[in-house]
Amino acid sequence: MSRIGIICHPATGHMNPMIALGRCLKRHGHEVTFFQIADTEAAVRAAGLGFSRIGESDAPVGTVRRHEEALSRLKGLGALRAVMEWTRLNAQRVLRDAPDAMRALNIDAVIVDAIEGAGGSVADFLGIPFVTVWPLPPIRRDNTVPPWIFGWQYRTGYLARLRNSMANALLLRSSNSVRKVINVQRQQWGLRPLPATGWTSTLSQIAQIPQAFDFPGVGPRPLLHYTGPFHDGAGRPPVEFPWQSLNGKPLVYASMGTVFNGIDRAFRIIAEACAALDVQLILTLGGNIDPGQVGPLAGSPLIVRYAPQLELIKRASLTITHAGLNTTLESLANGVPLVAIPVTADQPGIGARIKWSGTGEVVPLRKLSVARLREAIRKVMEDPSYRAAARRMQAEIQKADGLECAVDFIEQAFGIGGQEAIATHR
């Protein structure tokens, strides 16, 4: 048994897969503790995992909600800047509070969310190993693929690589404020500054997307290991839902996530686009909008604030999504094709991968209209190639067994077992 710490971004889209990973590590006999702010404690403890609070002085209950409400109506680079500011504040808390908390629990090794680079510096300071986990598509610094802040398709020509290079530089600049906070603390600790290319582990990096869903790139990345979704179908609170209201028509499940979901216009367009089709629309609004705020919508869709997402996706003919990675992978894990409406952050890049893999269509938010969205929905539902591609991805996900695969790589990196199991994932 090893005592493993986890540091990740406190938003739901990061916490859910990392909690599932923590449960799997616990099943392998390890002691797992999250070092997190107060808002996440209930979910972590409900999963049977350890919790050590950081940010007690400046992250009271309600901190995540406050950030998510501010982000819910942002888009584009404005939203990306807001995410980086949230990450900077998280970094300050981790650097200030996590070292003593980890010493107190004799943590042996750390798993760090790729967006929370401060966790790796804490591990360096304590002299313990860490691995990076990518809950979002991994960033390649070799300019062979576009960074996920842009919804560009994969191209290999000179102009495409030049464009990727410029975009990577922009993404690096957007994280300068976070890197500065980390490097000031590293200097005080007597550590070398982080390189300009990032803060990921030089031991091992693990991505929760299937390799078949990512752009191919050029050349090997020996440190990067693709697994599959960190989903185990457990640990989510029960959600009441009017199952008796399902009418037997093809079900379209629509969710714009829990953070960037405050754009009322998108919900209205989704409803109107589906109203002329012979489908039943289930529209979940997330935590930032009350159903009463959106008023009557075309076609009288079933509108809920929260939904039992996994159960509905299993019944769905189509998912309409903001291209959040968790909703995307949950849909593909069930062979359900998608129509994506990316908003910001990593969503444009995930949308591009949906398009590239043939598992769905993309309607960028800036081009969103009833006609465009309706045409995309019809295309995906009527052309069997999309469902066939989604089912091929479903088979890849089932074969990969993402959680077990990820734990095997983690155990190998930390030298705590899993050597035989690793061979099965090569």
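The values are calculated or read from the model by the stated rules, or taken from the named source; none is laboratory data. All of these numbers come straight from a predicted model, not from anything done at the bench. Positions of Cβ are backbone-derived with ideal geometry, glycine not excepted, and every protein chain shown enters the neighbour counts. Quick note on the areas: whole protein, heavy atoms, side chains included, nothing else; ligands and nucleic acids left out. Shrake-Rupley method; radii C 1.70, N 1.55, O 1.52, S 1.80 Å.
Give the residues of region 82-122 that are among the small types (Gly, Ala, Ser) and within 20 Å of Ile139 (Cβ to Cβ), sorted by residue number. The answer is Ala82, Ala91, Ala114, Gly117, Ala118, Gly119, Gly120, Ser121.
Using the structure shown, decide if Gly151 is open to solvent by less than 30 Å² (accessible area, probe 1.4 Å), in a loop (DSSP other than H, G, I, E, B) and out of contact with any strand residue (DSSP E or B) (no Cβ under 6 Å at 6 or more places or on another chain). Can you show your working first?
Details: open to solvent by less than 30 Å² (accessible area, probe 1.4 Å): no; in a loop (DSSP other than H, G, I, E, B): yes; out of contact with any strand residue (DSSP E or B) (no Cβ under 6 Å at 6 or more places or on another chain): yes.
No: the conditions fail for Gly151.
When Gln211 is tested against (1) open to solvent by 40 Å² or more (accessible area, probe 1.4 Å); (2) under 30 Å from Glu311 (Cα atoms); (3) more than 17 Å from the chain's Cα centre (by Cα); (4) at pLDDT 85 or above, only condition (3) is not met. Within region 247-262, the residues that satisfy the criterion of being modelled with pLDDT of 90 or more and open to solvent by 40 Å² or more (accessible area, probe 1.4 Å) are Asn247, Gly248, Lys249, Pro250. Summed over region 363-394, the residues that are among the aliphatic types (A, V, I, L, M), under 21 Å from the mean Cα position of the chain (by Cα) and assigned to a helix (DSSP H, G or I) give a count of 3.
Among the residues of region 154-201 satisfying the criterion of being basic (Lys, Arg) and within 23 Å of Ala79 (Cβ to Cβ), which is least open to solvent (accessible area, probe 1.4 Å)?
Our first condition is that a residue be basic (Lys, Arg); within region 154-201, this holds for 155, 161, 163, 173, 179-180, 186, 192.
Subsequent filtering for residues that are within 23 Å of Ala79 (Cβ to Cβ) retains 163, 173, 179-180.
Numbers: Arg163: 92, Arg173: 146, Arg179: 21, Lys180: 143 Å².
The qualifying residue least open to solvent (accessible area, probe 1.4 Å) is Arg179.
Pairing each residue of region 132-147 that is at pLDDT 85 or above with any residue that is assigned to a loop (DSSP other than H, G, I, E, B) and of a type in the set (Ser, Thr, Tyr), provided the two are 6+ apart or on different chains, yields C-beta distances under 7 Å for Thr132/Thr200; Thr132/Ser201; Val145/Tyr154. Mind checking which pairs have a first residue in region 106-124 that is without any contact (Cβ under 8 Å) to a residue 40 or more places away in the chain and a second that is crowded, with 24+ Cβ neighbours inside 10 Å, Cβ under 7 Å, 6 or more apart or different chains? That search, which allows pairs on different chains as well, returns Ala123/Val110; Ala123/Phe130. Scanning region 102-123 for residues that are touching a strand residue (DSSP E or B) at 6+ places or on another chain (Cβ under 9 Å), surrounded by fewer than 18 Cβ atoms within 10 Å (Cβ to Cβ) and in a helix (DSSP H, G or I) yields a count of 1.
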